[in-house]
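Taken together, the values in this text are just the output of simple stated rules run on the coordinates, not laboratory data. Everything quoted here is computed from the prediction, not taken from an experiment. All Cβ positions, even for glycine, are placed from backbone atoms using ideal geometry, and neighbour counts span all protein chains on display.
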Amino acid sequence: MNKTILKGTLAARILVLLFVAFQLNLNAQVIPQNTYVIQNVSSDNNNHPGAHAFDADTTTWWALFNNAGFSLPGYIEIDLNTSYDINGFTYLPNPANATDKAIGYEIYLSNDGMNWGTPEAIGNFNWMNNSDVSRQTISFGAINSRYVKVSYTSSKNTGNENIHTGDLGVIQSSIAATGQQNQLITFPSISDKYSTDVPFSLNATSSAGLAITYSVISGSATINGSMVTLNGGGTVRVKAEQMGNSSYYAAEQIASFEVTDLATISPEISTRLTDDYPIVMENLKAYPVYINSSILFEDSLTIDSVTVTIDGNSNLAELATGFYYYLWTPNSYASHQVEITTYASNGQSASISKSISVENNASDQNATTISGVNITFGGTNSRWFTGTYSLPQHVGSFDQVIANLTVTCPNTPNACDDWDRYAYIMIKGPDGNWIQLFNYITPYGVACNHSLDVTDYESLLQGEFEFRVFIDTWGSGGWVLSLDFDYKAGTPTYDYSRVDEIWDGKFDFGNPTNLQPLDTVSYNFHPNTMDAKLKLTTIGQGWGNNNSQNAAEFYHATNFIYINNNQEFVHDLWNDCNPNPDNCTGQQGTWMHSRAGWCPGAISVPFDMNMNSFVQNSVELSYIFDPTYTDFCHPNNPNCVDITTCPDCNDDYKATYAVDAHIISYGTTPLLYGSSPNGFINQEVNYELSVFPNPTKSNFKMNAQTEIGKCKVTIQTVNGQALKTYYFNSTSQLSNFNFDVSELPNGVYFINLENQKGVGVQTLIIQ
């Protein structure tokens, strides 16, 4: 690499006032940075080059990654133009970015710039917390040298390993080098502890083989020899040092770790029971009180018990999977004082109190939840919204619940989204599982109103709980949503019901390597079940020349429900969209075309299947996608040939089904909730994605900070149109893949990653 001379005025470049205190030399100072010459650098960046580390401007920085990508270690080699007695360096991260900062370091000195030998110092920067961006100073014994190499061995950002350097300085000792060597202290990191942990040993070593001594710098701990005894909670900082001898300079390393005082940790408690509404029942009957209780550090602490005290009488709540419950049969129509208390194994407890009125005068009523929630990509609620609301509480007092959804345009530029977007509204069950209330497809650019009978979900639509809303909107407008419920007084056939999620997620349709991607689910009916139904909603997504027969949106499929290996139901997946089922007229686009299970500007009405004949048995449930369909243009079809068999085998919006299915059980005695039979598929993870280089001209790579596993990645326009689709079986496969976008026009795009656990979005600029 050609040498780059760092230029600038003397006043701007010399750090006249930069003095630091060192263990070995209190009067040391930074060698003027305008004399530095960059001899070599592991990776440079056009916008953030290595020269920014020495320009006396902490608002600029050197960034490691470049158009070719990079991997640690990252280093920079400096020629000081003359020899100095050097005894340290200083590192300042980018003050505006606490994530992309160095953790591990090594520093080398050389007299010829080619032979670096062993490092003079190694270790980890001792950051006080994750947001710490203060200047770090590393010191060692003075060595006379001209060339300096600073190497970063690890980064706080484990996703892409990038490191920002706002300022880097080499320190000149005011005490001449003595000819002694620097010994390296290796001090392994110390894992976080609990205050109840037994004493443990430190095991630092010196490269000189000399004995190490230890001391506590700060925190609730003591050291006897190498044994550490913990005396409380908080941050503990310990030092390993070697005092040196005639051949070696003294050296030290500092390590820190967190200690949690388990005795101070309080449990958390919440309940769906609310005093916002009375409990209405025409006769005094059992009402399920659902309770959630948890405590941090569950590997060492537990919840011992939960009690429900009503009007002074204490009762022990029952433990279920993921929650507690108590069946309360009120003894009178009156106001009752309810106190719920949870007790933890460390002696801590937490309580909540409610004043609950029990009444027998049911009447029609309307209850409002979401009101004027603006969901716009990049806004406060960017595609997602979660809120806590309360709804009427009752047993056998309402025979119908109607959900009313109002969809209007934001009072902002671009207003309503121009495109029909997949959306859903979910409610959190007692065990923490998110259960879909209904699917919805937004209209093309107009406001509409919708209603749906949701009586089957009335066991969930009670008390205090969380709503979650998702709209797959991108950069072409947004939506404002309001949701209320009409409760119709009346006597239902059954007093109690329960909802169990069977399938929930997005699945490939016609994928040649997995034509039937849904698992068979084993389901046991609650023993109190007297009647049941299976509610199934399927939304066909994907279309275009690169999907065989324009699937899945415009493909009329016939799917099947099998129970215990027998075909029991036929699911004709097709909706007539003109006239619009929800009377949402005046839309733009292709709203009038019929579709696979949905229509733009309409709530998707579930397909109901009577399960009465199965309620006394255990069942095996299978949902079989149309067995006559295969997407021959799918990337997983080995016989797909670009241009020859399909325009592009890895292009466009691939065929998928969004499937949601529940079993609704009914009975005259309580049907208490249990654990989800198919586990949680809540898509709650928000994957943080790193894309580099970005901007790019042709290629890029992508990393994530968490394990992803199987996933689908699409490259989309700002309007949400999928241009390319990729499938990955592991995180390593994703991170090693080289994305080629050379044929896409310059502009701004979105990268969308999704799987059954969560989603991640990153902006991509092609220039």
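Using C-alpha pairs below 8 Å separated by at least 6 residues, the relative contact order for region 150-291 is 21 percent.
Taking Cβ atoms as reference points and 15 Å as the exclusive limit, the residues near TYR494 contribute a net charge of -3, counting Lys and Arg as +1 and Asp and Glu as -1. If the chain linking GLN588 and GLN733 were pulled fully straight, counting 0.36 nm for each residue of separation and taking away their Cα-Cα distance, it would gain 48.1 nm. Estimated at 0.36 nm per residue, the fully extended path between THR58 and ASN130 surpasses their Cα-Cα distance by 24.0 nm.
Kirkwood radius, region 105-257, all distinct C-alpha pairs, inverse of mean reciprocal distance: 17.3 Å.
Panel note: the C-alpha atoms of region 218-355, placed on their principal axes, show extents of 93, 24, 23 Å (largest first). Is the shape of region 496-667 rounded, prolate or oblate, going by the alpha carbon gyration tensor and its root eigenvalues a ≥ b ≥ c, with a/c under 1.5 for rounded and a/b larger than b/c for prolate? Cα axes put region 496-667 in the oblate bin. Give, to the nearest whole percent, the P(r) tail of region 386-497 beyond 24 angstrom, counting all Cα pairs. Everything past 24 Å amounts to 32 percent. Estimated from helical segments only, the mean residue ellipticity of the chain at 222 nm is -500 deg cm²/dmol, where each DSSP H run of four or more residues counts as -39500 (n - 2.57). Residues of region 132-150 with an amide N closer than 16 Å to a point placed 7 Å from the Cα of ALA176 along the Cα-to-Cβ direction: 142-145. The charge dipole of the chain, taken about its Cα centre with unit charges on the Cβ atoms of Lys, Arg (+1), Asp and Glu (-1) only, comes to about 2220 debye.
Our coupling estimate for region 208-224, obtained by passing each phi through the Karplus curve with A = 6.51, B = -1.76, C = 1.60 and θ = phi - 60°, is 8, x, 8, 5, 9, 10, 10, 8, 8, 7, 7, x, 8, 7, 10, 10, 10 Hz, Gly and Pro reported as x. Sort region 423-475 into rounded, prolate or oblate with this rule: let a ≥ b ≥ c be the square roots of the eigenvalues of the Cα gyration tensor; rounded if a/c is under 1.5, and if a/c is not under 1.5, prolate when a/b is larger than b/c, oblate otherwise. Note, shape of region 423-475 comes out oblate. Rounded to the nearest 0.05, what FRET efficiency do ILE223 and ASN115 have when you use their Cβ-Cβ distance and R0 = 45 Å? After rounding to 0.05, the efficiency reads 0.70.
Under the simplified labelling scheme, the ASP276-SER191 pair shows an inter-label distance of 4.3 nm, with each label point 7 Å from Cα along Cα→Cβ. Taking other C-beta atoms within 10 Å as the exposure proxy, LEU437, LEU753 rank LEU753, LEU437 from fewest upward. The simple spin-label model puts a point 7 Å past each Cα toward its Cβ; for SER371 and ASP399 those points are separated by 3.1 nm. Judged by a Cβ-Cβ distance under 4.7 Å, the unpaired cysteines of the chain are CYS711.
Computed from the Cβ-Cβ distance with R0 of 51 Å, the FRET efficiency linking ASP364 to PHE560 stands at 0.80. The label-point distance for GLN721 and SER266, in a model that sets each label 7 Å from Cα toward Cβ, rounds to 5.5 nm. Rounded to the nearest 20, the size of the Cβ-charge dipole of region 496-667 about its Cα centre is 280 debye, with Lys and Arg at +1 and Asp and Glu at -1. Based on Cα contacts under 8 Å between residues 6+ apart, the chain shows a relative contact order of 9 percent. If R0 is taken as 25 Å, the Cβ-Cβ distance between SER154 and ASN40 corresponds to a FRET efficiency of 0.75. Along the charge dipole of the chain, Cβ charges K/R +1 and D/E -1, which of GLN337, PHE470, GLN29 sits furthest on the positive end? Comparing the listed Cα positions along the dipole, GLN29 ranks first.
Stretching the chain fully between ASP418 and ILE624 yields a gain of 70.8 nm (0.36 nm per residue, less the alpha carbon separation).
By the gyration tensor of its Cα atoms, with a ≥ b ≥ c the square roots of the eigenvalues, what is the shape of region 188-263: rounded for a/c under 1.5, prolate for a/b over b/c, or oblate? Since a/c reaches 1.5 and a/b is larger than b/c, the shape of region 188-263 is classed as prolate. Each of TRP116, TRP479, TRP328, TRP384 was scored by other Cβ atoms within 10 Å of its Cβ. Listed from fewest to most, they are TRP384, TRP116, TRP328, TRP479. For region 295-403, GluC sites (Glu not before Pro) meeting the loop criterion (DSSP other than H, G, I, E, B) and having at most 13 other Cβ atoms within 10 Å: GLU298. Considering all different alpha carbon pairs of region 43-104, the Kirkwood hydrodynamic radius works out to 13.3 Å.
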